[in-house]
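K.L.:
Below is the structure I would like to discuss, written out as structure tokens.
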Amino acid sequence: MFFFDLLLLLLVLIIMVIFVMIGLAFLTLFERKVLGYIQFRKGPNKVGFLGILQPFSDAIKLFSKEMNIPIMSNFWSYYFSPIVNLFLSLFLWTCIPYMTGLISFSFSMLFFLCVSSLGVYTIMVAGWSSNSNYSLLGGLRCMAQTISYEVSLALIILSFLVIVSSLMMYDFYIYQNFIWFFFIGFPLMMIFFGSALAETNRTPFDFAEGESELVSGFNVEYSSGGFALIFMAEYSNILFMSFIFSFLFLGGNLDFFFFLMVVIISFMFNWVRGTLPRFRYDKLMYLAWMSYLPVSLNYLIFFFRFSGLFFFFNYLVNKI
């Protein structure tokens, strides 16, 4: 019986990975279409009907090309960094409670914070092991940016964990049956979205790549499969952040409306890329430490006091 359950779990995990891969492939097509409409030009419509086969042709092109490896690079860390990066981004998807035969464990929010914070190391190692000044600068900038915004991201999640009094992601769905957290913490929702943009290295916070000043940044020496794996991990993180955003603020009920909201949040990631210019780096750090951090910290203290008063009044009522 145990062997059958393990086999079923493995099968469901494989199916989940396949669907995530298909989702991120079409997210790239969706992004190109959105950017095409924003910039008044055509999107990729060359391969297949309405460009539907474009992501698959891109994947075949990238993985069939020759991979260039710099002579002075640290080979093993250079080679395995993109693989570990994609593995970590796919590993995150196991913490979502799918209400099927998949994993749903008690510390899923803690698991999300731990695994998402590991992704910065792969980018830093990828930038360092390429043995290029541009890629090293991109890796260092990514590390500083991700650490800065992870603090406010963790404090926002901690604020809602205080209300829910649980580290299980499924409890967010239970506690939002009557009112969404969207209405309780709207400023936190906006800060969370900004921090999610910074965590996934998206415009206007794409300083790890910085094409205008760093010549593509940390991935400048990557080509072929390594380049594809890095960007697959990035788009997987975007899709996952959209899921987490919908779970935290928009009910978390895994129905058609939930997935529609995930698509809308993914569209907002692309919308921001098409409309906003890149920040200056000092303003990026100022936003994290002088704006996001004080607001999220004050909200955390407020929710602590609010939950403490609730438990106190509940205790008094039970005593009476």
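The values are calculated or read from the model by the stated rules, or taken from the named source; none is laboratory data. Everything numeric here is computed off the predicted structure, so don't read it as measured data. Please note: Cβ atoms are built from the backbone with ideal geometry, for glycine as well, and neighbour counts cover all protein chains shown.
K.L.:
Any idea which residue in the range 172-191 is surrounded by the most Cβ atoms within 10 Å (Cβ to Cβ), counting only those that are assigned to a helix (DSSP H, G or I) and of a type in the set (V, I, T)?
P.N.:
Checked the range 172-191; the qualifying residue surrounded by the most Cβ atoms within 10 Å (Cβ to Cβ) is I191.
K.L.:
Let me ask another. If you go through the range 268-278 one residue at a time, how many are surrounded by 15 or more Cβ atoms within 10 Å (Cβ to Cβ) and outside any helix (DSSP H, G or I)?
P.N.:
1
K.L.:
Looking only at residues in the range 98-136 that are within 13 Å of the chain's Cα centre (by Cα) and touching a residue at least 40 places away in the same chain (Cβ under 8 Å), which one is surrounded by the fewest Cβ atoms within 10 Å (Cβ to Cβ)?
P.N.:
Going through the qualifying residues, I end up with L113.
K.L.:
Considering only the range 260-301, state which residues are in contact (Cβ under 8 Å) with a residue 40 or more places away in the chain and over 30 Å from L24 (Cα atoms).
P.N.:
Within the range 260-301, W289, L293, V295, S296, L297, Y299, L300 meet the criteria.
K.L.:
List the residue pairs whose Cβ atoms are under 9 Å apart, where the first residue sits in the range 148-164 and is without any contact (Cβ under 8 Å) to a residue 60 or more places away in the chain and closer than 13 Å to A198 by Cβ, the second is buried (at least 18 other Cβ atoms within 10 Å of the Cβ) and among the acidic types (D, E), and the two are 6 or more positions apart or on different chains.
P.N.:
E150/E199; L153/E199
Residues are listed down the side, and each one gets a yes or a no for (1) among the charged types (D, E, K, R); (2) under 21 Å from the mean Cα position of the chain (by Cα); (3) loosely packed, with under 14 Cβ neighbours inside 10 Å:
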residue: S266; (1), (2), (3): no, yes, no
residue: R280; (1), (2), (3): yes, no, yes
residue: P294; (1), (2), (3): no, no, yes
residue: S307; (1), (2), (3): no, no, no
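K.L.:
Scanning for something within 13 Å of E221 (Cβ to Cβ) and buried (at least 18 other Cβ atoms within 10 Å of the Cβ), does the range 89-97 turn up at least one residue?
P.N.:
No - not one qualifying residue is present in the range 89-97.
K.L.:
Here are the criteria: (1) assigned to a helix (DSSP H, G or I); (2) out of contact with any Lys or Arg (no Cβ under 7 Å at 6 or more places or on another chain); (3) aromatic (F, W, Y); (4) in contact (Cβ under 8 Å) with a residue 12 or more places away in the chain. Tell me which single one F257 does not satisfy.
P.N.:
(4)
K.L.:
Residues in the range 125-143 that are at pLDDT 85 or above and among the aliphatic types (A, V, I, L, M): how many?
P.N.:
Residues flagged as at pLDDT 85 or above and among the aliphatic types (A, V, I, L, M) within the range 125-143 amount to 2.
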